[in-house]
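What follows is calculated from the coordinates using simple rules that are stated; it is not laboratory data. These figures come from a predicted structure and were not determined experimentally. All Cβ positions, glycine included, derive from the backbone under ideal geometry; neighbour counts span all protein chains shown.
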Amino acid sequence: MEKKPTEILEEEHHIIQLVVGVMAALAEGLDAGKGPDCSILRDLVEFMRMFADKCHHGKEESHLFPLLEAKGVPVTGCPLGILIHEHQSGRKLVMELAEAAEACGKGAPEANERLRASLQGLVNLYPNHIWKEDYLLFPMTNKILSDEEQRELLEKFEQVEESIGKGEHHRFVTMAEVLAEQTQRL
Ligand SMILES: [Fe+2]
Ligand SMILES: [Fe+2]
C-alpha cells in the first residue's frame, strides 16, 4: 500500500507544529514589547482555519473518528472524546485569534493582550493534542483497521483534499514554511 492514512495525518502534524512554533515566537515577541505583524496574523488565521481545521481536522472528525467509533471505540472519554473536545477548544481560540488579527494595527493595548492569550492558548493546546494522536490514537488505529479499511479511508482523505481544491494543500505547506522562516528572522 502507498502511505497509510495515519502517515498522512502525521505529516500534516509536522506542518501544523511549524506554525505553532511561529505562534510561540509571536507570543514571545509581544512579551518583549514588539508589536504584532498584521499580515503574519492574517496568514496564521487562514492557515489554522483551512489547513489545520478544514483539511486536517476534517479528515479526523469526518472520517477517521467515525470509522473508529464504528469499530467499537467509544466516542466519549479517552481518546476520542478528549480529542474532539480539543478540536472545539482550538476552533474557539482561532476565532479569538481572528478577532485579534482584525483589531491588529489599531494600537489598542488590550487587543495585544487578547492576541497574546489566544496565541498562548493555541501553543499550549496543539503539541499535546498532536502527541496524543501520534502516540496513542494512530498506533491504535493501525491495530484496529484492516488493509481494506485503510484503503477506503485514504479515498475519503482524497475527497477532503478535492473539496478544498487542488493545489491548496501545497499552498498551505509553503505558507507554513515561509512563516517559519520569516519568524526566525524577526
Ligand atoms: Fe486532532
Ligand atoms: Fe491531528
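Brief remarks on what is shown
- 12 Å beta-carbon shell around Asp147, net charge (K/R +1, D/E -1): -2
- Mean-position separation - Cα centroids, the stretch 2-48 and the stretch 121-186, in angstrom: 13 Å
- Shape class of the stretch 121-186 from the Cα gyration tensor (axes a ≥ b ≥ c, square roots of the eigenvalues): oblate, since a/c reaches 1.5 or more and a/b does not exceed b/c.
- Charge context of Leu26, other residues only, Cβ under 9 angstrom, K/R +1, D/E -1: 0
- Placing +1 on the Cβ of every Lys and Arg and -1 on the Cβ of every Asp and Glu, with nothing else charged, gives the stretch 5-181 a dipole about its Cα centre of roughly 480 debye.
- Net charge over other residues, Cβ less than 15 angstrom from the Cβ of Pro109 (K, R count +1; D, E count -1): +1
- Between 0 and 90°, nearest 10: helix 38-47 axis offset from the chain longest Cα axis: 10 degrees
- Computed [θ] at 222 nm, helices only, for the chain once each DSSP H run of length n ≥ 4 contributes -39500 (n - 2.57): -24000 deg cm²/dmol
- Nearest 10 degrees, 0 to 90: helix 5-31 Cα axis against the chain principal axis: 20 degrees
- Partnerless Cys - the chain, beta-carbon criterion under 4.7 Å: Cys55, Cys78
- Percent RCO, i.e. relative contact order, over the chain, from Cα pairs under 8 Å lying at least 6 residues apart: 42 percent
- The angle between the Cα long axis of helix 109-132 and the longest principal axis of the Cα atoms of the chain comes to about 20 degrees, rounded to the nearest 10.
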